[in-house]
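> First the structure, which I've put down as structure tokens, then a few questions once you've had a look.
The values are calculated or read from the model by the stated rules, or taken from the named source; none is laboratory data. Everything numeric in this text was worked out from a predicted model, so none of it was measured. For neighbour counting, all protein chains shown are included, and Cβ atoms are generated from backbone atoms with ideal geometry for every residue, glycine included.
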Amino acid sequence: MSTDFKRRHMTGRGIPLPGNDIDTDRVIPARFLKEVTFETMGEHVFEDARKQNPEHPFNSPAYRGASVLVVGQNFGCGSSREHAPQALMRWGIRAIVGGSFAEIFFGNCVMLGIPCLVASQEDLEWLQKAIAKSPQVPVTVDVEKQEVRFGDHAIKATIPDGARNQLVGGTWDSTAVLLEAGAAIEATAGKLPYVAGF
């Protein structure tokens, strides 16, 4: 597997998004779901929330170019739409740290190579405040060590072993894994009488 697919650790500026139970309809409103290529999804991430609240973090110039999203509890709940992680990814998010994640949202993120690590409420509140105070300081999400570093401070942040192994090993992209195994698949198919016999 190519090292391009490995997600051992990533470093970027952070963007804090306070609040719990932020659902996928808030991440990307339903009217944008007709976009089947996902190409313009990033432009519309949190569109309604951003219009309603000019102080929304995704409107702030201080967080422009940030790639590590720090959220609260039950992030990505609601409708099971892959457009939500697609929109976040196309805006520039490469990793998410939160208190908990909706299961389908978590799975969709892993399939895009976006690690979602879980930290304690106390550590999340500290990290969000630290980023808000010093938005230029980089955040490192270390999937391999299961920790998040900000300046000289590190917090424990976990991810289930299966997802961690996929991200660290570079096998999170199931299509790429399948294509890489193309020759082996063809060889096996050639040995099957119900395939080769026709």
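> Do we find that Lys156 is closer than 15 Å to Gly72 by Cα and surrounded by fewer than 19 Cβ atoms within 10 Å (Cβ to Cβ) in this structure?
no
> Separate question: Can you name every one of the helices (runs of 4 or more DSSP H) wholly within region 101-185 that holds 2 or more residues which are over 12 Å from the mean Cα position of the chain (by Cα) and free of Cβ contacts under 8 Å to residues at least 24 places away in the same chain?
The qualifying helices (runs of 4 or more DSSP H) are 121-133, 161-169, 174-180.
> Being surrounded by fewer than 17 Cβ atoms within 10 Å (Cβ to Cβ) and not small (Gly, Ala, Ser): is that true of Thr11 here?
So Thr11 fits the description; yes.
> Quick one: how many residues across region 153-166 are under 21 Å from Ile15 (Cβ atoms) and out of contact with any strand residue (DSSP E or B) (no Cβ under 8 Å at 6 or more places or on another chain)?
Total satisfying the criteria: 1.
> Shifting gears a bit: Restricting to region 68-80, what's the tally of residues that are surrounded by fewer than 23 Cβ atoms within 10 Å (Cβ to Cβ) and either out of contact with any Asp or Glu (no Cβ under 9 Å at 6 or more places or on another chain) or at pLDDT below 95 (or both)?
Number satisfying all stated conditions: 3.
> Among the candidates Asp21, Asp4, single out the residue that is modelled with pLDDT under 90 and surrounded by fewer than 16 Cβ atoms within 10 Å (Cβ to Cβ).
None of the others qualify; the one that does is Asp4.
> Here's another thing I want to ask about it. Quick check on this structure: which one of Pro61, Pro57, Pro115 is at pLDDT 95 or above, over 23 Å from Thr175 (Cα atoms), touching a helix residue (DSSP H, G or I) at 6+ places or on another chain (Cβ under 7 Å) and not hydroxyl-bearing (Ser, Thr, Tyr)?
Of Pro61, Pro57, Pro115, the one residue that is at pLDDT 95 or above, over 23 Å from Thr175 (Cα atoms), touching a helix residue (DSSP H, G or I) at 6+ places or on another chain (Cβ under 7 Å) and not hydroxyl-bearing (Ser, Thr, Tyr) is Pro57.
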